[in-house]
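Quick notes on the structure that follows.
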Amino acid sequence: MEPAVREKPRLLPALWDAAIAAGIAFLLFCLVLGVRTVDGVYGLTLQPRPVLLAVVVGIVFFGRLALNLFWWDRDWRFPPLPFFSRTAKDAKDRAPRDIYRVGLVLIGFAAVFPLLGLVLNKVFGANLPLLYLIDLSILVLTYVMLGWGLNIVVGLAGLLDLGYVAFYAVGAYTFAILATTFGWSFWMCLPLAGILAAFWGIVLGFPVLRLRGDYLAIVTLAFGEIIRIVIQNWTELTGGPNGISNIPEPSFFGLEFAFRGDNTFHQFFGLPYDAIYGSIWLYYIILVMALITNAVTLRLRRLPIGRAWEALREDEIACRSLGMNTTTTKLSAFATGALFGGFAGSFFAARQSFISPESFTFIESAIILSIVVLGGMGSQLGVAIAAVVMIGGFEALRHTDSLQLVFGTGFDPTLYRMLFFGLAMVAIMVWRPRGLVSTRQPTVTLNKDAGSISKDLVSEGSG
Amino acid sequence: MSKALLEISGLVAGYGHLPVLHGIDLSVKEGEIAAIIGANGAGKTTLMMSIFGNPKPSAGRILFEGRDITDLPAHAVALERIAQSPEGRRIFPRMTVLENLQMGTLIAPDKERYEDDLGHVFELFPVLATRKDQRAGTLSGGEQQMLAIARALMGQPRLLLLDEPSLGLAPLITRQIFAAIKALNEEGLTVLLVEQNAYHALKLASCGYVMVNGRITLSGSGTELLESDEVRRSYLEGGASSPSADEAKKGAKA
């Protein structure tokens, strides 16, 4: 490519442009940030915050100036990122293998991380905040699993579901009620919770069979709210707004993680009591559950049913004219997605040991859906990365002391979580409108190096 | 060669309270190419779709090999081994060509024949073989049309319904596609073709129907129709001033 002859930006227009931007920023923020309402003696009074306002306007001014001078007219480009490259050749030749490798590395890290931390802490005397890290990882993995579950419905079958949290709630309450009423163990309730959630998935599926897009989204949104409101008001069964407490944790092959008891984990192994063992056990449960979700999804994609879901996402009329029963196909997508939502729900109940309708509000559905959309619909790795960034990243905001140097000591970054959330979404939608990992891997090829896959499919009847 | 494979009698169908088809009688004999020609809005696509049960016919009967398929849902109609290349092609754009073709095998009774069928459609449309791992959405319009036909063929159909295969294609590609349809018919496949491109369609067809305003107004062998005055005026020589063309246009507006 011949280098484009470009006029170098001159300083004066750049300064002028930056000044206009700063002026707009001043107008925007002078009331939002520039004054603050304070509870005074005579009621609410306004307290001006000129420094903060000046800092923000200054950031806009210099940022815009820098963009003008160095960014928009730059001659260089970013080198393509290794596994996010967009060219067709790269996507075909490298992306699948790279995604596979990155996935393996991430899974390997997830598998050894708590044990590694434990060894570092116990043997080498490192002082990692392990309990906190593992609790956070459990939270992240729960969302990874939910994202993968919803990915079946939204990413594969293309059915926009805004009420996914309903199935999460059904799973959580199934386990909580069965465990506290009948004393059933986690492992007995887990399949029941999944099946019940899948059943509700089908119940939701029937009335929305003919809906698509916006209309489907509205009905699923309503369904999520219905489930939550029923839970909130059915006090005899669900405890209403008080929720259900004292939900037992999953035991380690019959051993409890309690401090005191007949059959405790630390006594059995002759270890001193430490709350970390219970957390690590929970961590591995959710890790395995999430990986099972992933494995099932990847497997289903190669089977006729998964292919049918993808075709359904692409064109429903074509599917029908090819002889696909779209009713059962849609219902199976709803049911499978709901099944994993139910599993994740009962894990959530077991981990929290207390649940209430508060945990199953619409914002949960929105977060799970944005994980799927930001990660790249249909991409397993993208969803996992998005969950880590969205859940872990916002948690990391709690520890950004450096921001307080800029905005003053009173600045609490966690208050701005939703702002960052929105920024991240806008950024993704501008630069990667199809999500972080947007290349769809074909499930079958006729290339020689992939011969085993296509043969495998042919023998299955490949339809 | 004389048994009727598809027999439509007195078919009435429409959208909501608006009837589009007013009693269609039509039959497609085994091994022939039947063509339905007509202007925009004559109801050709509605006829194709109502064979597949959407919109549901409100009166009349559709018999396939003597069995009544009038009230079957779309997927069950397809399982009778009627394959359709719908209007607007409707391929799966984000799936590869090969995956698209595999989606066509849902109704195939003999799954063991998959590789033979694949070889067969690649022989018929060699360009698809070179593009088999490419996403179908990146194909050109003509290639997408070939893919839509090939996908329908993967189901080993008894009857192939083609809705406007020449829509929006260059004359050269149109000719290729019609040549392929002819080749398929010579192998024994029965084809029901809906076209605006009357000349190509009637030249190919052994039996043709002219559809105006939801009714069959004229039928006969392909050559008969090609030579009939009405068809020539309305569909072949662009005779915009002729009375029947005006009638056809009124039909289009209604």
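Every read-out reported here was derived from the displayed coordinates using simple, explicitly stated rules and does not represent laboratory data. Worth saying up front: this structure is predicted, and the values here are computed from it rather than measured. Every residue, glycine among them, receives a Cβ derived from its backbone with ideal geometry; neighbour counts consider all protein chains shown.
In a fully extended conformation the segment linking A:ASN263 and A:LEU46 would gain 72.0 nm over its present Cα-Cα distance, using 0.36 nm per residue. Using a 10 Å cut-off around each Cβ, can you sort A:PHE421, A:PHE124 from fewest to most neighbouring Cβ atoms? Fewest-to-most ranking of A:PHE421, A:PHE124: A:PHE124, A:PHE421.
Based on Cα contacts under 8 Å between residues 6+ apart, region A:149-300 shows a relative contact order of 23 percent. Shown for A:ASP135, A:ASP73, A:ASP262: other C-beta atoms within 10 Å of each C-beta, ranked fewest to most, produce the order A:ASP262, A:ASP73, A:ASP135.
Dividing the helix sum by the residues of the protein assembly as shown, where each DSSP H run of 4 or more adds -39500 (n - 2.57), gives a mean residue ellipticity at 222 nm of -16500 deg cm²/dmol. Relative to one another, the C-alpha centroids of region A:38-67 and region A:134-173 are positioned 39 Å apart. Based on alpha carbons, the Rg and Dmax found for region A:85-207 are 19.8, 59 Å. Couplings 3J(HN,Hα) of region A:254-269, computed from phi: x, 8, 8, 9, 6, 6, 10, x, 7, 10, 9, 5, 6, 5, 4, 9 Hz, in residue order, whole Hz [Karplus 6.51 cos²θ - 1.76 cosθ + 1.60, θ = phi - 60°; x for Gly and Pro]. Neighbouring Cβ atoms from other chains, within 10 Å of the Cβ of residues in A:297-307, number 1 on average.
With the biggest extent put first, the Cα atoms of region A:203-319 measure 64, 41, 18 Å across the principal axes. Within the shell of other residues whose beta carbon sits under 15 angstrom from the beta carbon of A:THR328, the net charge comes to +3, with Lys and Arg scored +1 and Asp and Glu -1. A simple spin-label model places the labels of A:LEU419 and A:MET188 5.2 nm from each other, with each point 7 Å out along Cα-to-Cβ. Taking every residue in B:86-94 and counting other chain Cβ atoms within 10 Å of its Cβ, the average works out to 5. When chain B is treated as a GNM with alpha-carbon contacts under 10 Å, the residue of B:GLY16, B:GLY41, B:GLY119 showing the greatest mean-square fluctuation is B:GLY16. As a proxy for reagent exposure, ranking A:SER245, A:SER379, B:SER85 by other Cβ atoms within 10 Å from fewest up yields A:SER245, A:SER379, B:SER85.
Give me the Kirkwood hydrodynamic radius of the protein assembly as shown, using the inverse of the mean 1/r over all pairs of distinct Cα atoms, in Å to one decimal.
30.0 Å
Under Stokes-Einstein, with the Kirkwood radius over Cα pairs standing in for Rh, what whole-number D in µm²/s applies to chain B at 25 °C and 0.890 mPa s? Estimated diffusion coefficient is 133 µm²/s. Put the Cα centre of region A:247-300 next to the Cα centre of region A:365-399 and the gap is 25 Å. Distance cut-off 23 Å, Cα to Cα: go down the list B:LYS111/B:LYS132; B:LYS44/B:LYS182; A:LYS330/B:LYS56; B:LYS132/B:LYS203; B:LYS44/B:LYS132 and report the pairs above it. Those over the limit are B:LYS132/B:LYS203; B:LYS44/B:LYS132.
If you plug the beta carbon distance of A:VAL230 and A:ALA366 into 1/(1 + (r/R0)^6) with R0 = 22 Å, you get a FRET efficiency near 0.60.
Counting alpha carbon pairs within less than 8 Å and at least 6 residues apart, what relative contact order, in whole percent, applies to region A:11-71? Numbers along the way, then the final one.
On the way: 55 pairs, mean separation 27.3, N = 61.
Reported relative contact order: 45 percent.
Expressed in Å, the radius of gyration and Dmax of the Cα atoms of region A:11-71 are 15.1, 51.
Relative to the longest principal axis of the Cα atoms of chain B, helix B:243-253 runs at roughly 60 degrees.
Based on Cβ point charges of +1 for Lys and Arg and -1 for Asp and Glu, what charge dipole magnitude is obtained for chain B about its Cα centre, in debye rounded to the nearest 20?
The dipole magnitude comes to about 640 debye.
Taking every residue in A:322-333 and counting other chain Cβ atoms within 10 Å of its Cβ, the average works out to 5.
When you work out D = kT/(6 pi eta Rh) for region B:152-218 at 25 °C and 0.890 mPa s, using the Kirkwood radius from C-alpha pairs as Rh and the Stokes-Einstein form, the result is 192 µm²/s.
In plain terms, if you count all Cα to Cα distances in region A:261-344 and split them into 5 Å steps from zero, the share in each step is 3, 12, 16, 15, 11, 9, 8, 6, 6, 5, 4, 3, 2, 0 percent.
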